[in-house]
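In what follows, a single structure is set out as structure tokens and then discussed.
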Amino acid sequence: MADQEQAEIRLIVARLRQEHEDYDAAINAMIETGCDALRIQRMKKKKLVIKDKLTKLEDQIIPDIIA
């Protein structure tokens with residue numbers, strides 16, 4: 001993978017990590033205020049989708065090590 005591609009992926013990963021943290025903070029605030037359970041569940045699902053994207057991108061950056 002070219003250095004330019006890897007740098008772009010790292011920027012995307014950083015943005016997604018921040019978004020993941022933002023969702024985490026929002027979910028915790030919603031739980032504390034007693035928000036609707038369905039709304040919290042939807043937010044958690046969106047957070048999980050972001051985590052899946054993060055995992056896929058990180059796998060592209062870090063090569064598999066053959067033992």
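The values are calculated or read from the model by the stated rules, or taken from the named source; none is laboratory data. These figures come from a predicted structure and were not determined experimentally. Here the Cβ is made from the backbone with ideal geometry for all residues, glycine too, and neighbour counts use every protein chain on show. Just the protein is used for accessible areas: all its heavy atoms, side chains included, with ligands, DNA and RNA removed. Shrake-Rupley method; radii C 1.70, N 1.55, O 1.52, S 1.80 Å.
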Out of the stretch 1-16, which residues are open to solvent by 60 Å² or more (accessible area, probe 1.4 Å) and in contact (Cβ under 8 Å) with a residue 24 or more places away in the chain?
-> MET1, ARG10, ILE12
Which of (1) modelled with pLDDT of 95 or more; (2) open to solvent by 70 Å² or more (accessible area, probe 1.4 Å); (3) not aromatic (Phe, Trp, Tyr) does ASP59 not meet, given it meets every other one?
-> (1)
Is it the case that ILE50 is among the β-branched types (Val, Ile, Thr), modelled with pLDDT under 95 and part of a helix (DSSP H, G or I)?
-> no
Residue list for the stretch 25-54, restricted to those being open to solvent by less than 60 Å² (accessible area, probe 1.4 Å) and within 10 Å of the chain's Cα centre (by Cα) = LYS47, ILE50, LEU54
